[in-house]
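Here it is: the structure, laid out below.
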Amino acid sequence: MRKQKVFIVEDEAPIAELLAYNLEKEGYVVASTGKGEEALELIRANRPDLILLDLMLPDMSGFDICRIASTENWNVPIIMLTAKSDIVDKLLGMELGADDYVTKPFDIREVIVRIKAIFRRIEQVMGQSDLDGEGMIRIYDSIEIGKRQREVKKEGEKVVLKNMEFDLLLFLAEHRGIVFTRSQLLDQVWGYEFAGDTRTVDIHVQRLRKKLDAAVIDTVFGVGYRMP
């Protein structure tokens, strides 16, 4: 089986070395750099399976890299590494397309759990699509979800979704009519007991509504969300 590649973008050498050492012990192929411009070149040339991205880099911000990733449609999960405690910075990163975040100082075990959770969710979706044949789900008359291809089409046109946007949409589509709290969605979609702010779910729901349709996900006030 092909080893999954994790790319670390972190300018603090002790942190980068700690991450690389422990991820290699877990069986991942690891590469790293402390410069944003170099990271862009390496990621474009050797597309990794996941990126650990520090927000504070010497030549450009992690936010800039998230914007570029979104514009160029990398479709690579991004976990932000941030020393900032301000939730606004974290939510901005999520709005720009990051899938998750870890606040420094962090426990390396938490980072590994979050990485495994993202990979596990992707593997589960791909595995289930094999069982379902083409793995196509249609919602409403205009939206199609291709589980195997991990793509969504609206009125026949492909809609670019981030990894967690796709996973959230698919989960709700497979459980239509059921109301889930934000905490339940974090646990089921993100794959662990999420220690962060539940507004992460709100941001992903807002992005799905903007890209697909405002009615694609209902808000059940005081409870959470469902797909009608």
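Taking all pairs of distinct Cα atoms, average 1/r, flip it, and tell me the Kirkwood hydrodynamic radius of the stretch 157-228 in Å to one decimal place.
That comes to 12.2 Å for the stretch 157-228.
Per residue of the stretch 3-20, what does 6.51 cos²θ - 1.76 cosθ + 1.60 with θ = phi - 60° give for ³J(HN,Hα)? Whole Hz please, x for Gly and Pro, Karplus curve as stated.
6, 7, 9, 10, 10, 9, 10, 8, 8, 8, 3, x, 5, 4, 5, 4, 4, 4
Here's something else I'd like to know. Would you compute, from DSSP H runs of 4+ residues alone, the mean residue ellipticity of the chain at 222 nm, taking -39500 (n - 2.57) per run and dividing by the full residue count, rounded to the nearest 500?
Using -39500 (n - 2.57) per qualifying helix, the result is -13000 deg cm²/dmol.
What size of dipole, in debye to the nearest 20, comes out for the chain about its Cα centre when the only charges are +1 on Lys and Arg C-beta atoms and -1 on Asp and Glu C-beta atoms?
Dipole of the chain, to the nearest 20 debye: 560 debye.
Using only the heavy atoms of the protein chains and a 1.4 Å probe, how would 99, 59 rank by accessible area, largest first?
59, 99
Calculate, in nm to one decimal, what residue 46 and residue 87 gain on full extension: separation in residues at 0.36 nm each, minus their alpha carbon distance.
On the way: separation 41, 0.36 × 41 = 14.76 nm, distance 3.17 nm.
Once the chain is fully extended between residue 46 and residue 87, it gains 11.6 nm.
Say the dipole of the chain comes from +1 at the beta carbon of Lys and Arg and -1 at that of Asp and Glu; which of 20, 222, 43 then lies farthest toward its positive end?
Looking along the dipole axis, the top candidate is 222.
Looking at the chain from every direction and averaging, what is the projected area of its Cα convex hull in nm²?
12.5
Remind me, relative contact order of the chain in percent, using alpha carbon pairs under 8 angstrom and six or more residues apart?
In percent, rounded to a whole number, it is 13.
So, one more: Which aspartates and glutamates have a Cα lying under 14 Å from the Cα of residue 116, excluding residues fewer than 8 positions away in the same chain?
Within the straight-line cut-off, residue 116 pairs with 24, 26, 49, 99, 100, 187, 193.
The values are calculated or read from the model by the stated rules, or taken from the named source; none is laboratory data. What you see is a predicted model; the values in this text were computed from it and never measured. Please note: Cβ atoms are built from the backbone with ideal geometry, for glycine as well, and neighbour counts cover all protein chains shown. Only protein heavy atoms, including side chains, enter the accessible area calculation; ligands, DNA and RNA are left aside. Shrake-Rupley method; radii C 1.70, N 1.55, O 1.52, S 1.80 Å.
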